[in-house]
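Colleague: Mind having a look at this structure? Questions to follow.
No value in this document is a laboratory result; all are computed from the given coordinates. Worth saying up front: this structure is predicted, and the values here are computed from it rather than measured. Ideal geometry is used to build each Cβ from the backbone, glycine not excepted, and the neighbour counts take in all protein chains shown.
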Amino acid sequence: MNAERPSRDDAHPDIRDAIRALCAQFPDEYFRRIDAERGYPEAFVDALIGAGWLAAMIPEAYGGTGVGLGAASVILEEINRCGGNAGAVHGQMYNMGTLLRHGSEAQKRAWLPSIADGTLRIQSMAVTEPTAGSDTTKIRTTAVKHGDRYVVNGQKVWISRVQHSDLMILLARTTPLADVKRRSEGLSIFIVDLRESIGHGLTVRPIRNLVNHETNELFFDNLQIPAENLIGEEGQGFRYILDGLNAERTLIAAECIGDGYWFIDRAVRYANSRIVFDRPIGRNQGVQFPIAEAYIEIEAANLMRYRACELFDAQKPCGAEANMAKHLAAKASWEAANVCLQTHGGFGFASEYDIERKFRETRLYQVAPVPTNMIFAYIAEHVLGLPRSF
Ligand SMILES: Cc1cc2nc3c(=O)[nH]c(=O)nc-3n(C[C@H](O)[C@H](O)[C@H](O)COP(=O)(O)OP(=O)(O)OC[C@H]3O[C@@H](n4cnc5c(N)ncnc54)[C@H](O)[C@@H]3O)c2cc1C
């Protein structure tokens, strides 16, 4: 076993090597400084987008590289595994999926090539609202058609990377809840051009949070968007959002796997080098066993991540595997984070070791983009056939 990178590196070694080389230009000090400043890793994001890595899932016909989910997931995994945080950029990889799957040919031709070459950033997707929470069909933001425009009113919360994006996918209600047969109907998806919208019906208020994650409250006050920015059929937006979740969840799982290996690597290194009571702390079973256990959990979660990728790339149903991969990976990375912090004793709390930063970052993924309980509810109902609980 390679002590520096204690995992199988079998999948997509070329991509791994290239991402590692890119990330080597952005060492720990870079991400530490950005975190302390509550800044945005502009240079890092420019380098990734400039090299085309975030266009991985855009088909070649629209200017991307059109690789499968497995290969794309390795890109995000390696960013986190090298000490960075793909949370600053992952939206650019998967938010375009709704447009790709459900947009018209004209919309795809209009937007995707510019997204692929990085001219346009589609880093944001606005679903969550303060009063609806996980109960998405209860969102109150409305889009009402007036001639060749939709007029949007309402509020969103926790909408990420809006300040570093040109375009945003928006979910809004186009038919009142009282007028639809099923609560999942009457919701629609739009592309919002943030460059034209902010200050003209859209107000953005940043939320300071546990992680250095650029996320915001959005207020819509008669925001006008061209009717041609509706994606797919009016009223089918909830289904379109669900269609994108398997890719998103599997990609986030890969990021957690990357975090997990990073924590294991740091814990092993420190346990081998820190001398207390005249011996490396790693010689104590009380120190080494928790690291070994955390490593086992990461490896197991990684298998489910690759299973979800295989099914997705074979265009087979993968809802259960994508959800299970996300859950297992988020849990395993958090356990690895905890073990890594404990192994470092007091030094784990010092910013210069980067552990407290990564510890905060990886914690997010048990809440967003989907909380653990919602995954349990999915498995209980759709896999095990238990009664719907909400
Ligand atoms: C940093 C950050 C970035 C984010 N970025 C985005 C973004 O870009 N776009 C976006 O749309 N959203 C984003 N989100 C929102 C995120 O997706 C939501 O926070 C998440 O879906 C949960 O919604 P909520 O916070 O309203 O929790 P709630 O729905 O209020 O739930 C609170 C808790 O109760 C539990 N719970 C609720 N109902 C049940 C039930 N019936 N059974 C069991 N447990 C239940 C939940 O699992 C959760 O643990 C982000 C959030 C954060 C923190």
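Colleague: What is the local net charge at residue 104, summed over the other residues whose Cβ is closer than 14 Å to its Cβ (Lys, Arg +1; Asp, Glu -1)?
Modeller: Net local charge, residue 104 excluded: -1.
Colleague: Using only the alpha carbons of the range 241-323, determine the length spanned along each of the three principal axes and report them from longest to shortest in whole angstroms.
Modeller: Answer, in whole Å and largest first: 56, 17, 16 Å.
Colleague: For residue 283 and residue 105, what is the calculated FRET efficiency with R₀ set at 45 Å and r taken between the beta-carbons, to the nearest 0.05?
Modeller: Working from the Cβ atoms, E equals 0.10.
Colleague: Now for a separate question. If you take every residue apart from residue 310 with its C-beta less than 13 Å away from the C-beta of residue 310, what net charge results, scoring Lys and Arg +1 and Asp and Glu -1?
Modeller: +1
Colleague: Once you measure Cβ to Cβ distances between cysteines in the chain, which Cys have no partner under 4.7 Å?
Modeller: 256, 309, 318, 340
Colleague: Sticking with this structure for a sec: Placing one identical point scatterer on every Cα of the range 164-273 and ignoring solvent, what is log10 I(q)/I(0) from the Debye formula at q = 0.11 Å⁻¹?
Modeller: -0.56
Colleague: Right, something else. With charges set only on the Cβ (+1 for Lys and Arg, -1 for Asp and Glu), what does the dipole of the chain come to about its Cα centre, in debye to the nearest 20?
Modeller: 840
Colleague: Which number comes out as Rg/Rh for the chain once both Rg and the Kirkwood Rh are worked out on C-alpha atoms?
Modeller: 0.98
Colleague: Have a look at 98, 76, 56 and report the one farthest towards the positive end of the charge dipole of the range 1-154, computed about the Cα centre with Cβ charges (Lys/Arg +1, Asp/Glu -1).
Modeller: About the Cα centre, the residue reaching furthest to the positive side is 98.
Colleague: Mind jotting down the distance between the C-alpha centroids of the range 230-255 and the range 163-222, whole Å?
Modeller: The range 163-222 and the range 230-255 have Cα centres separated by 15 Å.
Colleague: If contacts are Cα pairs under 8 angstrom and at least 6 residues apart, what is the relative contact order of the chain in percent?
Modeller: Normalised by residue count, the contact order of the chain is 15 percent.
Colleague: Beta carbons within 10 angstrom, averaged per residue: use that to sort the peptides 251-258, 132-139, highest first.
Modeller: 251-258, 132-139
Colleague: Moving to a separate point now. Just to verify a number: FRET efficiency for residue 149 and residue 180, C-beta to C-beta distance, R0 = 25 Å, to 0.05?
Modeller: 0.65
Colleague: Please check: in the Gaussian network model of the chain (C-alpha springs, under 10 Å), which one of 122, 75, 198 has the largest mean-square fluctuation.
Modeller: Maximum among the listed residues: 198.
Colleague: Then there is this: With 5 Å bins from zero, work out the P(r) of the range 80-227 over every alpha carbon pair and list the percent per bin.
Modeller: Using 5 Å bins, I get a P(r) of 2, 9, 18, 21, 21, 16, 8, 3, 1, 0, 0 for the range 80-227.
Colleague: Let me ask something additional. Among the lysines, select those whose C-alpha is under 19 Å from the C-alpha of residue 326, and discard any that sit fewer than 8 residues away in the same chain.
Modeller: Hits, sequence-local ones excluded: 316, 358.
Colleague: Comparing 144, 157, 192, which has the greatest mean-square fluctuation in the GNM of the chain with Cα pairs linked when under 10 Å apart?
Modeller: Highest fluctuation among the options: 144.
Colleague: Right, another one. Suppose the Debye formula is applied to equal point scatterers at every Cα of the range 81-133; what is log10 I(q)/I(0) at q = 0.15, 0.23, 0.27 Å⁻¹?
Modeller: Evaluating at q = 0.15, 0.23, 0.27 Å⁻¹ gives log10 I(q)/I(0) of -0.54, -0.91, -1.05.
Colleague: Residue 123: net charge of surrounding residues, Cβ under 10 Å, Lys/Arg +1, Asp/Glu -1, itself excluded?
Modeller: Taking every other residue near residue 123 into account, the sum is 0.
Colleague: Enumerate by residue number the chymotrypsin sites (Phe, Trp or Tyr not before Pro) in the range 256-334 meeting two conditions: DSSP loop (anything except H, G, I, E, B), and at most 12 other Cβ atoms within 10 Å of the site's Cβ.
Modeller: Answer in residue order: 277.
Colleague: How big is the range 232-390 along each principal axis, measuring the range of its Cα positions in Å and listing the largest first?
Modeller: Result for the range 232-390: principal-axis Cα extents of 67, 31, 27 Å.
Colleague: Take each uninterrupted DSSP H stretch in the chain, measure its Cα extent along the helix axis, and return the ones at 24 Å or beyond whose mean Kyte-Doolittle hydropathy is at least -0.5.
Modeller: Long hydrophobic helices here: 237-273, 285-313, 319-343.
Colleague: Something else: Between residue 382 and residue 131, take the C-beta separation as r, use R0 = 35 Å, and let me know the FRET efficiency to the nearest 0.05.
Modeller: 0.85
Colleague: Let me ask something additional. Stretch residue 138-residue 373 to full length: gain in nm at 0.36 nm per residue minus the Cα-Cα span?
Modeller: Extra length available between residue 138 and residue 373 comes to 82.8 nm.
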